[in-house]
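Colleague: Below is a structure I'd like to ask you about.
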Amino acid sequence: MEVRNKQCAQLSNLELKLLVNELKNSSSSQLKSNSNLATLMYELSQYFNDNDPITSVNLVQLLQELNTNFPNKLTRNEKLMIVNILPDTLLQLVLIIKDCEERLTEEEIQSLLEIINQFVKQPETEAVEEEQEEEEEEENNEESVDE
């Protein structure tokens, strides 16, 4: 297999996930005959199953929000990286956006983080809340045992 046209298009993680699923579901002879391609497809599908923080509807809405709120302030590549990485801290955002402090005000940066968090699934926060509840129950049980 050879690269015919380097960087022909840029895809978001979600678009790549859909492409991988489409290729996996098709009975492609190329996929069956090439074990490296089959391995790559398997590993990509496993990665996307484990890391799926945004849906296609949310992706479109997030891009629309970025385009309306920051029309000329973010490049196409920066928007793509934001959609793929979904930064939740100021540090991550500063690393994605070149010269972030010069191009955006602090209010714009905070609003950008709020917009991103608005469209992201939050399974981690639910898991953290469950862990905190379990810890509280354990502490309560320990206190009742001590009495």
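Colleague: Out of region 83-103, which residues are crowded, with 17+ Cβ neighbours inside 10 Å and either at pLDDT 90 or above or charged (D, E, K, R) (or both)?
Modeller: Correct list: 93, 96, 97.
Colleague: Those residues that are touching a helix residue (DSSP H, G or I) at 6+ places or on another chain (Cβ under 6 Å) and under 20 Å from residue 54 (Cβ atoms), I need them from region 94-108; list them, please.
Modeller: 96, 97
Colleague: Tell me the residue from 110, 30 that is of a type outside the set (Val, Ile, Thr), exposed (fewer than 15 other Cβ atoms within 10 Å of the Cβ), at pLDDT below 80 and assigned to a helix (DSSP H, G or I), please.
Modeller: One residue alone meets the criteria, 30.
Colleague: Considering only region 46-99, give the helices (runs of 4 or more DSSP H) lying wholly within it that have at least 3 residues that are under 14 Å from residue 13 (Cα atoms) and not β-branched (Val, Ile, Thr).
Modeller: Because the criterion is at least 3 residues that are under 14 Å from residue 13 (Cα atoms) and not β-branched (Val, Ile, Thr), the helices (runs of 4 or more DSSP H) in region 46-99 that meet it are 56-69, 76-85.
The values are calculated or read from the model by the stated rules, or taken from the named source; none is laboratory data. Source: prediction; values computed, not measured. Because the Cβ atoms are built from the backbone with ideal geometry, glycine has one as well, and the counts that use them run over all protein chains shown.
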